[in-house]
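Rule-based calculations on the coordinates, nothing more; no lab input. The structure presented is a predicted model; accordingly, all values stated were derived computationally and were not measured. Quick reminder, even Gly has a Cβ in these numbers, built from the backbone with ideal geometry, and neighbours come from all protein chains shown.
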Amino acid sequence: MTGLLTFLLRRAGSAVLVLLALSAVLYAVFYIAPGDPAQLACGPKCGAEQLAQVRQNLALGDPVWLQYWHFLQGIVTGHDYSTGTGTEHCGAPCLGLSYQSGEQVTGILGEKLPATASLAIGAMVLWLIMGVGSGLVSAVRRGRFTERALTGFTLVGTATPVFITGILLLMLFCSVLQWLPYPSYVPFTEDPEQWAWNLVLPWFALAFLESAKYARITRSSLLETLAEDHVRTFRAYGVGERAIVWRHALRGALPPVIALSAMDFGTMFGGAVLTETLFGIPGIGQKLVTSVRTEDLPVVLGVTLAMGCFVVLANAVADVLYALADRRVVLT
Amino acid sequence: MSTEGRGQVWRRLRAQRAAVAGGAVIATLVLVAVAAPLFTAIEGQNTTAYHPELVDSAAGGVPLGSFGGISADHWLGVEPGTGRDLFARLIYGARISLGVAIGATVVQVLLGVVIGLAAGLGNRFLDELLSRTTDVMLALPSLVFAIALLAVVPAGFPRPVLLVLVIGLLGWGGTSRIVRAQVLTLKSLDYVAAARLGGSGTWRIARRELLPSLAAPVITYAAVLLPLNINSEAGLSFLGIGVQPPTPSWGQMLSSATTWYEADPAYVLLPAGFLLVTVVGFTLLGEGVRTALDPRAASRLRVGTGRKREEASV
């Protein structure tokens, strides 16, 4: 048990270190970027008066490391920004403030999170069903045809950019067949049925991209387990093929699938940029792109950092889940 | 790699039908991209000229004629709205797509090899530092960080070069991990120990003894990176953060096609088709290269070395 505890602590420690490194690099990039940092932070349409405020807020006179330290401090304890009329408190975890809209990055994230989560959860359910299902079928019915079909599916699935799958789905279902209206995001709390209908296409677009990977992993670990000695013993005892696959072999395939799902789920939070942009889903990824277009750099910095956070966290969770699910893993 | 070894790899590559097909597709595309000015000269069009007379302004700018306005003058039709020639824009788009992807792959491989070598040959501290950095690079959502990096660079910087650098800087993790692992294995082999005893320094060992053995895994991995980089460039341009208009790129065309898919499906299908064919072509070729360079996989191909066949005939 102590082994597990040290493993967890070590994993958490390295995740924190990675996040620190990440924030330092991001901060450095924005600092080194050519041009006046205050102007960069404030945006192209910033007046002289506002610029002076930004300068004061960023404390540009301080050495770089001190500025970075204040940024980190803001994440832990919050930060006060002076605005034209007074001070605005940005509570912990303060990831910055948009000078263009006056919004706090944390607020923006909270507002955009439901849409991104809707996309990620549905897509994950679909890709697990599609991926594990087709991997299972192709492992049980081994043969040239299923093998070729799976190889082809994996090849096309992983090679096709999600925006191409997405546009083709839109063309087919909204334009040619007219089975679905052009998707426009409806929050779950407003109308669950409309929420689902409007997200079906993005879910499938993402699932098509991801499920190929899961099919391959499920298939290879199933084949591996089915060839093991204990499975041969079960067969010799007369255990049915169905029971062997469902009760024994599939269990061996679970750890990698669980770990990979955790990782991909985190990446969805940090990287469904293309899908959100194509389908007009008002999530974190779309916000990142619009902030880049409007040159709202504090938001870009804060959102990118948050996305990095999700991914690093998901990686740590994936490692822990894998270690818990597969007792063969030696904890170090 | 010796000349004989090269010949053998080449034979193994040619024995795979899918790889040959992928290679042929890529070769054609590269040829078309390089000779793009020649092709547009034959067609008599360019990428920028507007042809308002070719689109139906009453219908919102849909190209006149069938299949997106395909005609003898415009081989693949015209762009809706502006009437710009699609064939010219597509083959100039191939230049961007292939150029950025190949350039980014070169940057990734160079960085990966150097960092992997340094990690594998350096002291414990350096190894730990570089290996952890590699882990971070591999864990990051590279698209997001590419977006963030592109946001801070001023608009005046040449965009394709910038894309090469950004995609290259964010994507060396895989190569460096593979190179480090290889170096650690190779380091313990007798011939490297012999070189060291013979008085070779670390740098000389890296260059003369290790690099040649690294060629096969690095080439294999580079072949995997290429299609990924094509998708990265297309994705960034699709988001409007990559190549800027009026320079044509497939990702950008697909992005503007999202408003036209109902009225002018050809405008979606053409860039999508070009992009897919390129990516699948590279993937097939990469898979073939992997099999050809992998001594275990190659035995399945039943391609003997030239020498064996000669011996058999004698």
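Which value, in debye to the nearest 20, gives the size of the charge dipole of the protein assembly as shown about its Cα centre, when Lys and Arg are +1 and Asp and Glu are -1 at the Cβ?
My answer is approximately 3300 debye.
For the range A:223-260, state which chymotrypsin sites (Phe, Trp or Tyr not before Pro) are in a DSSP loop and have at most 13 other beta carbons lying within 10 Å of their beta carbon.
Filter output for the range A:223-260: A:Y237.
Could you tell me which GluC sites (Glu not before Pro) in the range B:204-294 are loop residues by DSSP with no more than 15 other beta carbons within 10 angstrom of their beta carbon?
When the GluC sites (Glu not before Pro) of the range B:204-294 are filtered for loop state and at most 15 Cβ neighbours within 10 Å, B:E262 remain.
Compute, for the range A:48-196, the length of the dipole vector about the Cα centre, with Cβ point charges of +1 (Lys, Arg) and -1 (Asp, Glu) only. Units Debye, rounded to 20.
1060
So if we plug the beta-carbon distance of B:S66 and A:I32 into 1/(1 + (r/R0)^6) with R0 = 35 Å, what FRET efficiency do we get, rounded to 0.05?
According to the calculation, E is roughly 0.05.
Taking Cβ-Cβ under 4.7 Å as the only way to count a partner, pick out the unpartnered cysteines of chain A.
That list is A:C174, A:C309.
Of B:L226, A:V245, A:G47, whose Cα points farthest to the positive end of the dipole of the protein assembly as shown (charges on the beta-carbon: +1 Lys, Arg; -1 Asp, Glu; origin at the Cα centre)?
With unit charges placed on the Cβ atoms, the residue in question is A:V245.
As I understand it, the value is the acute angle between the Cα axis of helix B:17-34 and the longest principal axis of the Cα atoms of chain B; what does it come to in degrees, rounded to 10?
60
Calculate the radius of gyration of the Cα atoms of the protein assembly as shown to one decimal place, then report Dmax, the largest Cα-Cα distance, as a whole number, both in Å.
That works out to 26.9, 96 Å for Rg and Dmax.
What order do you get for A:K213, A:K287 when you list them from fewest to most C-beta neighbours inside 10 Å?
If I rank by nearby Cβ atoms, fewest first, I get A:K213, A:K287.
Can you give the angle from 0 to 90° between the axis of helix B:265-293 and the longest principal axis of chain B, with both taken from C-alpha atoms, to the nearest 10?
For B:265-293 against chain B, the angle is about 10 degrees.
Relative to the longest principal axis of chain A, what angle (0 to 90°, nearest 10) does the C-alpha long axis of helix A:64-77 take?
With rounding to tens, the tilt is 70 degrees.
Going by how many other beta carbons lie within 10 Å of each one, how would you line up A:T106, B:T28, fewest first?
Ascending Cβ contact count within 10 Å gives the list B:T28, A:T106.
Nearest 0.05, what FRET efficiency do A:R293 and B:T259 give at R0 = 22 Å with Cβ-Cβ as r?
The computed FRET efficiency comes out at 0.85.
Using only the alpha carbon atoms of chain B, find the Kirkwood hydrodynamic radius as the inverse mean reciprocal pair distance, in angstroms to one decimal.
About 22.1 Å for chain B.
PRE reach from A:E49 (point 7 Å along Cα→Cβ): which of the range A:86-120 fall under 13 Å by backbone N?
Label zone hits: A:86.
Which one, B:L140, B:S256, A:V231, is farthest towards the positive end of the dipole of the protein assembly as shown when Lys and Arg carry +1 and Asp and Glu -1 on their Cβ?
So the residue furthest toward the plus end is A:V231.
Give me A:I244, A:I129, B:I230 sorted ascending by neighbouring Cβ count inside 10 Å, so fewest comes first.
A:I129, A:I244, B:I230
Please identify the GluC sites (Glu not before Pro) of the range A:132-194 that satisfy two criteria: DSSP loop assignment and at most 15 other Cβ atoms within 10 Å. Which are they?
Here the sparse-neighbourhood loop sites are A:E190.
Estimate the FRET efficiency between A:E103 and B:A215 by the formula 1/(1 + (r/R0)^6), using the beta-carbon distance for r and 51 Å for R0, to the nearest 0.05.
Between A:E103 and B:A215 the formula returns 0.45.
Size of the dipole of chain B about the Cα centre, Lys and Arg at +1 and Asp and Glu at -1 on the beta carbon, nothing else charged, in debye to 20?
That gives a dipole near 1780 debye.
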